[in-house]
Structure formats: C-alpha cells, structure tokens
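Just so you know, all these numbers are worked out from the coordinates, no wet-lab data involved. All values derive from a computational prediction rather than experimental measurement. Cβ sites come from the backbone with ideal geometry, for glycine too, and all protein chains shown count toward neighbours.
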Amino acid sequence: MNGIADLLAPLQEPLFTLLGTPVSWTEVLGFGSGALCVWLVARQHIANWPIGIANNLFFILLFTGAGLYADAGLQVVYIALAAYGWWSWVAGGQQAASGRLPVTRTDARVWWVLAPATAAVTAGLTLLLARATDSTVPFWDALTTALSLAATYGQCRKKVESWYLWIAADVVYVPLYVHKGLHLTALLYLGFMALCVVGLLGWRRELAEREGRGPVVEAVA
C-alpha cells in the first residue's frame, strides 16, 4: 500500500495556483480527460468509454483528497457502468443497420423506476455521509451522485434525456466545487454544461430524423 501511495504522490503535487488555490496534476489530468470524454460522447464515439474510465481514476484521487466521498465512490460505480455502456454501444451497434446503437427516448416505465430511485439514493447517501464521514456538504454531494448515476444509465442506453440529467447535475457541481476550492474542476464542469447542450442538440437531431420529423433547429430553453 505504501508503494502505491508513493507512486501516486507526485500526482497530488501542486502544478500551479489558480485563484489562490494550488492545482494538482490529478486535477489537470482529470480536466483534460473529462473534457475529451464528454466531447466524444456528444459525437457518439465509442472511445468515450476508455477515456472516461481514465477520468474516473483521476477523480477518485482528487475527490478523496477534497473530502467529497460520495463523488469518489461514484467514480468506482462509473467504471462499472462504463464497462456496461461500452458493451451496450458495441452490441447495440451490431444489431442496428447504421452499425451503432441508435438514440432513443426514455419510456414512462423507466421514469417510474428512475425518479424514485434517484430520490432514494439522494436521501440514503445524505444520511450516510452526514453520520459516517466528515463531509461538510452531505446533501449536495449525495444529490449530484444520484443525478449522475441516473444520467450515466441513460448514456449507456443512448437515451436523449440523459443530457438533461447531466445538465441538472452540472448546475449543482459548479458551485459545489468552487466551495471546495476545486476551481479548475468547477471550470471543467462549466465546459461540461456547454458540451452537454451540444450533445443534447445533436442527439435530438438524430432522433428527430429517425422519427421522420426532420432536423431539430430550435435552441434549448
């Protein structure tokens, strides 16, 4: 264990200072891999999954050091979901005429499960973090975790509504990371929101064309 800690220690060293807060190699690498991953998802490129797994590993180190334990644990779940999503995109693509898993909508039955599950995860994690850790933001950490899990599930199945869930999570993440002094990561999540809008418009356009309604040109409200 000490050998692994010694090996990873250089990644925790400050690289530069942003707004009076030291920024580590871990945060910089998380920034780069995270931005690339979301861009690849928006383009429906299969490489988003291995890049995303690398991003998860960097964020495990970053969030553990910042006391965002639910977010750190979430990265482990992300890795498992990434394996599932990778398989889903490949297997679904093999069955589709286009060679890739098509974009679809989330049906009502899934929402009836997803919505209460998200609320339950938020409540359960809030209690766990408040009682079992030194987290100073248990509710917000839990809420973003639950929203991100729901969004990741939708992304694995290429459900267009997953982008709305990501945007909702990012709206909370940005001020949360600023509060924790993770300014570069907060900036990254601002970029994520912009990429989410791009991804949403692209996936809606493909969905509209598949449904025979022509391209989507309206802006997102």
Cβ-Cβ cut-off under 12 Å around V103, Lys and Arg +1, Asp and Glu -1: the net charge is +4
Expressed in whole Å with the largest first, what are the equivalent ellipsoid semi-axes of the range 114-221 derived from the C-alpha gyration tensor as the square root of 5 times each eigenvalue?
-> 30, 17, 8
Throw me the Rg/Rh for the range 99-148, computed over C-alpha atoms with Kirkwood Rh, two decimals.
-> 1.20
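Stokes-Einstein at 4 °C, 1.567 mPa s, Kirkwood radius from Cα pairs: D for the range 79-162 in µm² s⁻¹?
Values: Rh = 14.2 Å.
It diffuses with D of about 91 µm²/s by this estimate.
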Under the 7 Å Cα-to-Cβ spin-label approximation, A108 and A132 lie apart by a distance in nanometres of 3.7
